[in-house]
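Read-outs throughout are calculated quantities, based only on the coordinates presented, and are distinct from any laboratory measurement. In this text, all values refer to a predicted model and were calculated from it rather than measured experimentally.
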Amino acid sequence: MVEIRTLTHPDNVTLVRGATQHWSDLERGALGAASVVAGLISAQVHGRCLVVGPVDLALLADVSARAESVDAVVRSIPDSATYGERLPEGRVWCGDVADLPAEASGYDTIVCADLASVLPLESEARPWGAILTDVTDRLSPTGTVVLAVENDLGLHRLTATHNPRLANSDADWNVLATWDASRPRTADAAAASLGGATVWALGPSFPDVRSARRLDTPRGTLADVVAWHTAAWPLRGPDPSWLLRSFGTAGQADALASGWLLVLRPTEPTHTALAATLVEQGPVTEWREDGGSGTPLLALLADGCASHDLPTLRGLLRAWREAVEGRPVDPSPSLVLSGPDGMTGVVEASGSATLDDLWAALATFVAIVRGRHWRHPWPSTMDDADLLRAIGAMAGLPEPSRPVREFVIAAPSARDPFDALDEQQLVAAIDRNNETIRTLRSRLAWTELQYVSHKVGDKAVRTARRVAGKGKRVAKGVLRRLRG
């Protein structure tokens with residue numbers, strides 16, 4: 001059924017050529033929802049500001065509070081109405097940025113969080129570089145530009161279950177979904193596209209760059225930690241860990257960023273100023289200043305599992321427990337560094353890590369091992385709860401406050417609609433089912449062995465009893481004959 005919408009907009013909204021009806025970019029989500037990313041963007045805002053394309057509405061409010069005045073241009077009529085209501089003192093244009101009037105120029109700050117959502121369908125197709133020029137032409141000679149660029153070679157694309165170039169729904173429509181050579185695909189190319197802008201890497205995010213919740217500085221150790229911690233998010237499906245380790249070993253972990261935030265003529269904060277607030281995830285608050293250096297524990301555990309090195313795994317898990325138990329750090333193995341001076345939790349948490357927190361962290365590790373189908377040294381007869389209990393014992397953890405099974409992260413339901421899955425997801429589901437079948441077969445074989453042993457033992461007991469009974473009767477007969 002076709003949805004009928006009434007296209008109305010406030011008086012401060014002006015339609016120009018290219019205004020798109022019955023379409024909303026804001027409904028698909030926009031960059032800037034995470035406070036870390038929004039903080040960097042809004043910190044650059046000064047003077048007159050022009051917002052180009054969709055941004056998170058909370059970020060729009062923050063930008064409005066910081067700037068002297070805020071104008072905006074979007075391609076969607078419904079989005080222009082939303083912007084017009086949020087910016088009652090500003091001017092909002094709906095249509096092609098190339099067709100804005102002359103007064104829409106000389107801005108001190110331009111914020112563009114998604115250049116792919118700027119060109120309207122009705123406008124003449126132009127390459128990425130030409131659209132960027134249309135945007136920067138509205139800037140004053142000494143102004144600041146904040147531009148987000150997606151990395152087509154990022155971790156989220158290399159491990160994606162869907163090819164974004166093959167998506168054919170309205171929500172996936174993108175006029176720049178081409179092999180346009182002017183669109184940057186490396187950090188250096190992105191910086192050059194904006195005249196040598198400062199580059200912030202947006203940490204790997206799933207499913208795309210709009211979900212980015214992490215910023216990365218040139219500090220390599222934090223880049224590795226952020227990447228490995230992010231890799232722990234999707235617990236099932238294609239495994240990004242081997243890519244992370246390979247790129248990290250080659251010193252190119254930053255190439256896996258989901259995108260880049262470019263700032264031309266930045267104001268503040270500097271890289272150092274934001275180094276303490278790089279991660280935003282659940283109870284995590286900030287990086288510890290004495291975070292140290294080393295290799296993320298999750299990477300070492302992956303190696304130990306692949307090599308079936310139980311002594312190494314036991315040593316790593318016990319060292320991890322000693323490093324995080326009772327300390328105000330996040331105990332996630334992806335957020336613990338193993339270095340020359342031992343293990344260190346690099347992210348502060350809201351409270352000290354309790355015994356249950358440690359079991360929960362290990363449960364996430366078990367979910368990664370099972371969901372990603374890691375090669376591991378534990379018997380296939382173990383289910384997730386047994387595996388978690390075994391790993392907890394290797395770490396020397398006492399029993400938690402509630403049953404271990406309650407910490408287990410549930411596997412996908414067998415009732416999942418397989419016809420809605422793509423090839424990679426189907427392969428992942430088949431792998432999971434095969435592992436479950438192997439476990440059941442191993443348990444069945446063990447049960448049959450026990451049953452056979454029981455039958456043989458029971459038969460031997462009965463035979464011994466019969467022999468003993470016959471022996472008693474023979475003995476009694478001999479005694480009777482002797483007495484007679």
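Near the amide H of Ala19, under 5 Å away, which other amide H atoms are found, from residues 5 or more places off or on another chain, if H is placed in the peptide plane?
Placed amide hydrogens put Asp96 under 5 Å from Ala19.
I need the shape label for the stretch 101-160. Rule: rounded when a/c is under 1.5, else prolate if a/b > b/c, else oblate, with a, b, c from the alpha carbon gyration tensor.
oblate
Please work out whether the stretch 1-155 counts as rounded, prolate or oblate from its C-alpha gyration tensor, where a ≥ b ≥ c are the square roots of the eigenvalues and a/c under 1.5 means rounded, while otherwise a/b larger than b/c means prolate and anything else oblate?
Rounded is the answer for the stretch 1-155, as its axis ratio a/c remains below 1.5.
Starting at the first residue of the stretch 121-138, write each ³J(HN,Hα) from the Karplus equation 6.51 cos²θ - 1.76 cosθ + 1.60 with θ = phi - 60°, in whole Hz, x for Gly and Pro.
Rounded to whole hertz, the list is 5, 6, 7, 5, 4, 9, x, 3, x, 5, 5, 4, 4, 4, 6, 5, 5, 8.
Counting only residues 5 or more places away or on other chains, whose amide H sits under 5 Å from the amide H of Thr144 once H atoms are built in the peptide plane?
Excluding prolines and chain starts, which carry no amide H, the hits are Thr109, Ile110.
Would you grab the residues whose amide H sits under 5 Å from the one on Leu202? Only those 5+ places off in sequence or on another chain, please, with H modelled 1.01 Å from N.
Ser258, Gly259, Trp260, Leu261
Radius of gyration and Dmax for the stretch 70-127's Cα atoms, expressed in Å?
Cα radius of gyration and Dmax of the stretch 70-127 are 11.5, 33 Å respectively.
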